[in-house]
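Take a look at the structure below.
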Amino acid sequence: MIARIKTDNGFYNSIVFAIFENGWKSEAIIFNKDNTALQTVRMYTTTKRSIERNVFIYNAEKNKDWVEKDKVEGYDWVLENVTKSLLKTQIDECILSKCKEMQSNIKDCDWFDIKNESDIDGLMYAAFDFHDSYVKDIYSEIGKQYILFDTTWGCEILFELEGKCETNLYQGHGNTVIGDYLPLINDAAMFFHGNLIYWIENWCEDDSEDTAEDNTDESILDLDKAEFHYFCANKVKWKLIIR
């Protein structure tokens, strides 16, 4: 896993070496900004009025060394040798060297391509599956279309679409009050079908007996475009904008 870590004056990227799940009090083991030491950080900062994200995971890949047990997950060689309390004192130099080697392989970039299922997993992790999001803006440039989502979770997701593009989304979708109800997007699914990449709001939500795999097969050809809001394109990139 790789995350962008929010700081007072921007952000930096770090490998996520372990996560201690505890709701809004969850913590992660990451590098400090200078990549000189490991540290434990709160993934969220909570107040009476708001919840702010500090850790934005955008790459959700987990290799064979990643283990999950109860409410703790991470690289086994980290969990076996490093505890949260140890981070406040001393870290074994061999472990730290291995962590630094992994950290040095991170490639910083503004745009992320959607080329496989792992890329989709990272996007959905960063966007919280687009829960409580809305379409902030839609615009076009020569040969490209852009759709900007405000996730309401401390970041915005900007899509860049190329090739064959189609959508029935519009600026303000999910953020237009209907009576006394604000219909924010509940969730979304993203998948490959043919030579297109689809993003569909609330896909499968009402199909309790169907699976996402079922719906992304032949039934996508019968997509009710009056019922579902979506976009599709041959090529899709996305950008994580931290507020």
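Failed condition for G163, given (1) on the phi < 0 side of the Ramachandran plot; (2) at pLDDT 90 or above, with all others met?
(1)
Restricting segment 12-34 to residues that are surrounded by fewer than 21 Cβ atoms within 10 Å (Cβ to Cβ) and of a type in the set (F, W, Y), which is nearest to K69 (Cα to Cα)?
So, considering only residues that are surrounded by fewer than 21 Cβ atoms within 10 Å (Cβ to Cβ) and of a type in the set (F, W, Y), the one nearest to K69 (Cα to Cα) is F20.
If you take the residues of segment 132-159 that are crowded, with 19+ Cβ neighbours inside 10 Å and of a type in the set (D, E), which of them is nearest to R53 (Cα to Cα)?
Among those residues, the one meeting the criterion is E156.
From (1) assigned to a helix (DSSP H, G or I); (2) under 24 Å from the mean Cα position of the chain (by Cα), pick out the condition that doesn't hold for I95.
If we test I95 against (1) assigned to a helix (DSSP H, G or I); (2) under 24 Å from the mean Cα position of the chain (by Cα), just (2) comes out false.
Every residue in segment 40-65 that is in a strand (DSSP E or B), free of Cβ contacts under 8 Å to residues at least 60 places away in the same chain and open to solvent by less than 50 Å² (accessible area, probe 1.4 Å), please.
T40, V41, Y44, V55
Filtering segment 177-236 down to residues that are small (G, A, S) and not in a strand (DSSP E or B), which residue is modelled with the lowest pLDDT?
S208
Which of the numbered conditions does Y139 fail, given that it passes all the others? Conditions: (1) more than 17 Å from I242 (Cβ to Cβ); (2) assigned to a loop (DSSP other than H, G, I, E, B).
It is condition (2) that Y139 fails.
Condition (residue is of a type in the set (S, T, Y), free of Cβ contacts under 8 Å to residues at least 40 places away in the same chain, open to solvent by 40 Å² or more (accessible area, probe 1.4 Å) and more than 26 Å from A28 (Cα to Cα)) applied to segment 74-86: is it met by at least one residue?
No, segment 74-86 contains no residue that is of a type in the set (S, T, Y), free of Cβ contacts under 8 Å to residues at least 40 places away in the same chain, open to solvent by 40 Å² or more (accessible area, probe 1.4 Å) and more than 26 Å from A28 (Cα to Cα).
Within segment 1-26, how many residues are in a strand (DSSP E or B), farther than 16 Å from E61 by Cα and either under 17 Å from the mean Cα position of the chain (by Cα) or hydrophobic (A, V, I, L, M, F, W, C) (or both)? Reasoning before the result, please.
To start, the set of residues in segment 1-26 that are in a strand (DSSP E or B) comprises 2-7, 10-15, 18-20, 22, 24.
Still in the list and also farther than 16 Å from E61 by Cα: 5-7, 10-12, 20, 22, 24.
From the residues that got through so far, the ones that are either under 17 Å from the mean Cα position of the chain (by Cα) or hydrophobic (A, V, I, L, M, F, W, C) (or both) too are 5-6, 11-12, 20, 24.
Result for segment 1-26: 6.
The values are calculated or read from the model by the stated rules, or taken from the named source; none is laboratory data. Predicted model only: the values in this text are computed from it and were never measured. Cβ coordinates were reconstructed from backbone atoms using ideal geometry, including for glycine residues, and neighbour counts include every protein chain displayed. For accessibility, only protein heavy atoms count, side chains too; no ligands or nucleic acids. Shrake-Rupley method; radii C 1.70, N 1.55, O 1.52, S 1.80 Å.
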